[in-house]
Amino acid sequence: MKTQDYQYIIDRMPYGKDFLFIDKIISVDGTHIKSEYHLPEHSVLYQGHFKDITVVPGVILLEIMGQTGLVAQSIYLNKDEPNKTVLPLVSLINAEFHSICFPNTKLIINSEVIYFRHKVLKAKMGLYKSDDMSLIASSTSSINVRN
């Protein structure tokens with residue numbers, strides 16, 4: 001798939017604009033995907049998470065990784081079926097958080113396919129700060145792709 005076709009994947013994502021956590025797909029093939037996302041400075045998603053400090057909730061970091069490494073990758077892997085709607089059902093999450101993530105941070109998401117068979121995609125994902133590529137979180141997760 002050529003760079004100009006990456007927007008096709010984003011357009012097929014099953015999320016509304018307020019819950020889509022991919023700004024740009026940098027690269028994708030049958031075994032890898034890499035994207036970027038800039039966390040906004042202010043978001044309802046951060047409000048009330050901690051009273052005295054604004055940090056991005058871990059569940060949102062998991063969602064950011066999953067949207068790239070599982071959902072966008074599965075759309076790419078099913079590109080020969082353009083009428084298929086991907087409705088992902090997460091079936092396994094194993095995650096580690098390595099550092100705190102603050103709003104107004106540009107992120108890089110890297111993912112590697114472990115396997116894709118029988119409508120199940122399993123991937124190993126990493127979430128990095130783009131300025132120094134320090135690891136924020138990592139996850140090995142799988143989804144059952146329904147249509």
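Here, each number is a calculation from the coordinates, and none is a lab measurement. Every value quoted in this text rests on a predicted model; they were computed, and no experiment measured them. With ideal geometry, Cβ positions are generated from the backbone for all residues, glycine too; neighbour counts draw on all protein chains shown.
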- Message: Quick check on packing: order 21-34, 54-67 by the mean number of other C-beta atoms within 10 Å, highest mean leading.
- Response: 54-67, 21-34
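Could you give the C-alpha radius of gyration of segment 57-132 expressed as a fraction of 2.2 N^0.38 Å, taking N as the number of residues it contains? Walk me through the numbers before you get to the answer.
On the way: Rg = 13.6 Å, N = 76, 2.2 N^0.38 = 11.4 Å.
So segment 57-132 has a normalised radius of gyration of 1.19.
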- Note on the structure: Pseudo-spin-label distance His42 to Lys79, built 7 Å along Cα→Cβ, given in nm, is 3.9
- Message: So if each residue of separation counts as 0.36 nm, and I subtract the Cα-Cα distance between Ile26 and Val120, what length gain in nm does that give?
- Response: 31.5 nm
- Item | J(HN,Hα) series, segment 51-65, from Karplus relation 6.51 cos²θ - 1.76 cosθ + 1.60, nearest Hz, glycine and proline x | 5, 9, 8, 9, 10, 7, x, x, 5, 6, 4, 5, 4, 4, 5
- Compute the convex hull volume of the Cα atoms of segment 3-146, divide it by the residue count, and report the result per residue in Å³ as a whole number. 110
- Span from the segment 4-38 Cα centroid across to the segment 110-147 one, whole angstrom: 13
- Message: Can you tell me the length gained on complete extension of the stretch Asp132 to Leu92, counting 0.36 nm per residue apart and subtracting the Cα distance?
- Response: 11.5 nm
- Message: Can you list residues from other chains, or at least 5 along the same chain, whose modelled amide H is less than 5 Å from the amide H of His32?
- Response: Val113
- Query: How big is Rg to Rh over segment 97-147, alpha-carbon atoms, Rh as the Kirkwood inverse-mean-distance radius?
  - Reply: 1.10
- Packing-wise, with mean Cβ within 10 Å as the measure, how do 118-127, 40-49 rank, highest first? 118-127, 40-49
- In whole percent, what relative contact order does the chain give with Cα contacts below 8 Å and a gap of six or more residues? 26
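So what is the diffusion coefficient of segment 27-68 in µm² per second by Stokes-Einstein at 4 °C and 1.567 mPa s, using a Kirkwood Rh over Cα pairs?
The estimated diffusion coefficient comes to 107 µm²/s.
Using only alpha carbon pairs under 8 Å that are at least six residues apart, calculate the relative contact order of segment 102-144 and give it in whole percent. Don't jump to the answer; show the numbers that get you there.
Values: 77 pairs, mean separation 15.2, N = 43.
The normalised contact order for segment 102-144 reaches 35 percent.
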